[in-house]
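Some notes on the structure that comes next.
The values are calculated or read from the model by the stated rules, or taken from the named source; none is laboratory data. Quantities reported herein were computed from a predicted structural model and do not represent experimental measurements. Note: ideal-geometry Cβ built from the backbone for every residue, glycine included; neighbour counts use all protein chains shown. Side chains are part of the model used for accessible areas, which takes the heavy atoms of the whole protein and leaves out ligands, DNA and RNA. Shrake-Rupley method; radii C 1.70, N 1.55, O 1.52, S 1.80 Å.
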Amino acid sequence: MSPDFSIGLLVTDDDIDAVILEGWPADVRKPRIVVFDYAGHDVPDEHVLRIGTGAPNAGLTGREVFAVEYGPDCRYPSPAEILSILDTRKPAEKASALSIARDVHQSILDLDARLDRLEQAPTGDDYNRLYQLANGGLLDLLKALGDPSSTVAG
């Protein structure tokens, strides 16, 4: 089961002000967190960290950031609440072309099965319904596949 905790980074003027942990398990040590950036030409040599991993001879600046735990008296916003708000803003996923094709196919099979169950010949309404299912489904499929002309016809 995945852990149910959130981590928030409060950034001000391109600098991390705080790392906020919410719901962090009491029996798990807090992580050590380091913030680093490539050193610009204006950074004095005594502040540049020379490392051997990553980009060859990369000069970095860095500092350790200590996490705070979110709670009732925390002066920082709740990471979980911010994530919840972001989740509600996510657009609904578009149906895939495959799922549209499967839905159209199933609708046609359902209509055929209903006619078989009723043991009756298709009526004009049944043919109209079949046309609507097939045509509408195919237009949705064309849109999902990126066909711009399908938006005009539908």
Checklist entry - Rounded to the nearest 500, what is the chain's calculated 222 nm mean residue ellipticity when only DSSP H runs of at least 4 contribute -39500 (n - 2.57) each, over all residues? => result -12500 deg cm²/dmol
Checklist entry - Ignoring ligands, DNA and RNA, what accessible area per residue does the chain give at 1.4 Å, in Å²? => result 79
Checklist outcome for this item: The answer for the longest stretch of the chain without any exposed GluC sites (Glu not before Pro) (DSSP loop, at most 10 further Cβ atoms within 10 Å) is 1-92
Checklist entry - Counting Lys and Arg as +1 and Asp and Glu as -1, each charge on the Cβ, what is the dipole of the stretch 60-149 about the Cα centre in debye, to the nearest 20? => result 320
Next on the checklist: Ignoring ligands, DNA and RNA, please state the percent of accessible area on the stretch 5-55 from carbon and sulfur, probe 1.4 Å.
Outcome noted: 53
Next on the checklist: Can you give the FRET efficiency to the nearest 0.05 for residue 14 and residue 89, using r as the Cβ-Cβ distance and R₀ = 35 Å?
Outcome noted: 0.90
Checklist outcome for this item: Helix 124-144 sits off the longest principal axis of the Cα atoms of the chain, rounded to the nearest 10 on a 0 to 90 degree scale, by 30
Checklist outcome for this item: Computed for the chain: size of charge dipole around the Cα centre, +1 on C-beta of each Lys and Arg, -1 on C-beta of each Asp and Glu, debye to nearest 20, value 320
Checklist entry - Of the labelled options [x] 1.45; [y] 1.08; [z] 1.94, which one gives Cα Rg over 2.2 N^0.38 Å as computed for this structure? => result [z]
Checklist outcome for this item: Surrounding charge for residue 47, neighbours by C-beta under 12 angstrom, Lys/Arg +1, Asp/Glu -1, total -2
Item to check | Fluctuation leader among 25, 122, 79 - the chain, Gaussian network, Cα springs under 10 angstrom | outcome: 122
Item to check | Tilt relative to the chain, helix 97-118 - C-alpha long axis, 0 to 90 degrees, to 10 | outcome: 30
Item to check | Distance (nanometres) between label positions extended 7 Å along Cα→Cβ at residue 98 and residue 68 | outcome: 4.7
